[in-house]
Every structure is written in C-alpha cells, then in structure tokens.
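The values are calculated or read from the model by the stated rules, or taken from the named source; none is laboratory data. Because the structure is a prediction, the values reported are computed rather than measured. FYI the Cβ positions are ideal-geometry reconstructions off the backbone, even for glycines, and counts take in every protein chain you see.
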Amino acid sequence: MSGTETTTHAIRRRAALAGALALPALAIPALGRGAAAQTPLILASGYPDGNFHTRTLRFFAERAAALTNGAVAITIHSNASLIRLPEIRRAVQAGQVQIGEVLLGNHGNEDAIFEADSVPFLATGYEEARRLYAAQKPMLEARLQRQNQTLLYSVSWPSNGLFSRREITRLADLAGTKIRIYNALTQRFAEQFRAAPVIIQVPDLPQAFATGVADSMITSTPIVVNTRAWEFGRFWVDLNAFNPRNGVIMNLRAFRGLPEAQQAALRQAAAEAEARGWELSESEDRQNHVTMAENGMKIAQVSAEMQAEVRAASEALIGPWAERAGPDGAALRRAMAR
C-alpha cells in the first residue's frame, strides 16, 4: 500500500465509518438520568496506538469518563482506521464524527494561521512553541467556531528533523530525491532544494520507503520509532526548525448539545490531557533518540552549513506566509520577536 489504500483497507474503513455514523451523534442524553444514560462520542485519529498523541487521546477519554461517572463514552479510532488524517477536520465540521485529532499545519491552504507552527524558525524548541500556541490559540478558536468546531486541546510534536536512506550533509544533497512531506509549507520548503515532494500518510510510510516511493522525510522522532524507520533507512539530522502541533477538535453543535456538566468535564479532561501530552512529547523525544541509536541509526546535529541553508530557506517562506496570514500573522511575528 503506497499513497493509496488497498481495496480491502478502503472497504474496512467505509464499514467502520458507517458503523460510527449509525450512532446517535447529536441525540445527547442528560447527565444523571440513571446509570444507563450515556453519551457516545466517536473520535477519529490518524496515528498508531503506540504514538504519544494516541496515548494522550486515551488519557483524555479515560478522564472524560471518570469526570462524568461514565456518562461520556469516547471511542477512539486510531491509525486512520476510520478517516484519513487530512479528511478528519471536515468530518468533524460536518458531524460525521464528533471529535477528531488533526495536524493543524495540514490546513494551511485554507487559512495560513493553521500552519503557523510549521513555519521554519518562527518558533523553535518547546518553550517558544508554547509561546506561539498561547498567541495563536484565540485565533484558532475564532476560525474553528466559524466552521462549527471548537478546540479542546493542542499538543506539540518534537522539533522536526530529516530522516533519510542515505547520509545528507547539506540540504542541496536532496536535489532530485523523493522526500515525504505532510503539508503545503513542508512542500514549499522541499521544493527550494529541488527535491520531489510526495505526500504519504503515516500508516503507508513503511511500504512507501520499501518500494522506493520516498527516499527521505521531514518528520519527528515519534514517527521514526512508530514506523521502525531504521528498517529502511539509517540517517537522522536534528534540524530543530519548528515544532508542529496536533489539535483535538469537536463539532461545536455536538459540544453545545451536551449538558453543561458534561461540557465542563470535557474541558477539564482536555486541559489535563494537554498538560500530559506536552510532557510526553518532551520525554518521548529524549527516549526516541536512545531507541534510534540502539537500532543502529546515525544521529547527527545539524551542521553549520545545513543550518545556514535551513535559515535561508525559512526566510523565503516567512514573508509570504505572514502576508497570507494578514494582521494575525503580523501579530504572531511580533509575539515571537519579544
């Protein structure tokens, strides 16, 4: 399976979605109407079960159940088993599922504010990523609410790096190679070095590398470990250029249809999951470096030459991005310049 799903996988996914849609998405029973009363919520995610984002989702679901005495029951469909990652936000907006986890930067073509966390060197490292999130959050909320969604929480990935099948000592070495990207900004970044960008969803990565569909990828250490990337490549460079974030969003109509006690419980569970997710992101990144080295990967810090190349490439991206983002983009640049 490379880039497109097999027929069998597609059939299974459509069957799962049909089952989910059969649930009474907006027929919300009130809290406290007896032990049998329960609010079933479907949550779609694109990442595998072992990924720290998926583990954070499970914590969120467990806390939501505990805080409502079992009245809220969230069923998680991970690893794109229900809906593929780029399609999740529209599914939430339309009410096909009540909750979804999205990679915010995937939606930069709709609105540049969604991809602020994927702009190279706008924010680097966890401390700056938190500052960017604080400044960006009200902007995200305003945009999501206009499209019948609300942001429950958002968690950062570790800083992105470069994984490759052969050693890359300067970004010019990527010329003519096939590089897996995951949104418009990473595509434009790769094109500056005359690489051929290909979009591949996480579940399809091992097959794509095994069949030569991709030679390298811009990603973070959890994806390297989750896909056992050392089985098809050995080289990793810590670029530390940006920390993309996932957002867990909910259909706004479904959220407002819940009793106030359940709404408050979901907000509390989300706040706890967000704090836990950021901690997991940092701790997992450290452990992932150890795991990668133990499995024979060569881990390199970015060289001075490559750092200069990345920064030069980022300058060519930040200006056009800020122009597309308008006044909010300018506000984010000011916030990060302080």
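The figures follow:
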{"quantity": "Residue check, residue 169 touching a helix residue (DSSP H, G or I) at 6+ places or on another chain (Cβ under 9 Å), among the β-branched types (Val, Ile, Thr) and surrounded by fewer than 20 Cβ atoms within 10 Å (Cβ to Cβ)", "calculated": "yes"}
{"quantity": "Flag for residue 109 being closer than 30 Å to residue 330 by Cβ, in a loop (DSSP other than H, G, I, E, B) and either in the same structural domain as residue 219 (by TED's automatic domain parsing) or not hydrophobic (A, V, I, L, M, F, W, C) (or both)", "calculated": "yes"}
{"quantity": "Search result, residues across segment 260-273 that are buried (at least 18 other Cβ atoms within 10 Å of the Cβ) and either more than 26 Å from residue 133 (Cβ to Cβ) or of a type in the set (Gly, Ala, Ser) (or both)", "calculated": "265, 269, 270, 273"}
{"quantity": "Flag for residue 151 being assigned to a helix (DSSP H, G or I) and among the hydrophobic types (A, V, I, L, M, F, W, C)", "calculated": "no"}
{"quantity": "Single residue of 181, 168 found to be farther than 17 Å from residue 118 by Cβ and either charged (D, E, K, R) or outside the structural domain of residue 266 (by TED's automatic domain parsing) (or both)", "calculated": "168"}
{"quantity": "Pick from segment 35-48, criterion hydroxyl-bearing (Ser, Thr, Tyr) and either in a loop (DSSP other than H, G, I, E, B) or at pLDDT 95 or above (or both), ranking: surrounded by the most Cβ atoms within 10 Å (Cβ to Cβ)", "calculated": "45"}
{"quantity": "For residue 238: the one exception among (1) modelled with pLDDT under 95; (2) within 23 Å of residue 102 (Cα to Cα); (3) not aliphatic (A, V, I, L, M)", "calculated": "(2)"}
{"quantity": "Residues satisfying the stated conditions in segment 286-323, i.e. of a type in the set (S, T, N, Q), part of a helix (DSSP H, G or I) and at pLDDT 90 or above", "calculated": "287, 288, 291"}
{"quantity": "Filtered residue count, segment 92-104, keeping only those that are part of a helix (DSSP H, G or I) and surrounded by fewer than 22 Cβ atoms within 10 Å (Cβ to Cβ)", "calculated": "2"}
{"quantity": "Which listed residue is closer than 23 Å to residue 172 by Cβ, outside the structural domain of residue 108 (by TED's automatic domain parsing) and free of Cβ contacts under 8 Å to residues at least 24 places away in the same chain, from 304, 300, 313", "calculated": "304"}
{"quantity": "Residue 252 being touching a residue at least 24 places away in the same chain (Cβ under 8 Å), touching a Leu at 6+ places or on another chain (Cβ under 9 Å) and not aromatic (Phe, Trp, Tyr)", "calculated": "yes"}
{"quantity": "Residues that are farther than 13 Å from residue 274 by Cα, in contact (Cβ under 8 Å) with a residue 40 or more places away in the chain and surrounded by fewer than 19 Cβ atoms within 10 Å (Cβ to Cβ), drawn from segment 49-65", "calculated": "50"}
{"quantity": "Within segment 74-90, tally of residues that are of a type in the set (Ser, Thr, Tyr) and surrounded by 18 or more Cβ atoms within 10 Å (Cβ to Cβ)", "calculated": "2"}
{"quantity": "Test: residue 279 is under 27 Å from residue 56 (Cα atoms), acidic (Asp, Glu), touching a residue at least 40 places away in the same chain (Cβ under 8 Å) and surrounded by fewer than 20 Cβ atoms within 10 Å (Cβ to Cβ)", "calculated": "no"}
{"quantity": "Among (1) in contact (Cβ under 8 Å) with a residue 24 or more places away in the chain; (2) under 20 Å from the mean Cα position of the chain (by Cα) - the single one residue 287 does not satisfy", "calculated": "(1)"}
{"quantity": "Selection from segment 179-200 of residues that are of a type in the set (D, E, K, R) and over 20 Å from residue 106 (Cβ atoms)", "calculated": "194"}
{"quantity": "Failed item, numbered, when residue 114 is tested on (1) modelled with pLDDT of 95 or more; (2) assigned to a loop (DSSP other than H, G, I, E, B); (3) under 18 Å from residue 317 (Cα atoms)", "calculated": "(2)"}
{"quantity": "Hey, residue 187 touching a residue at least 40 places away in the same chain (Cβ under 8 Å) and of a type outside the set (Asp, Glu) or not", "calculated": "no"}
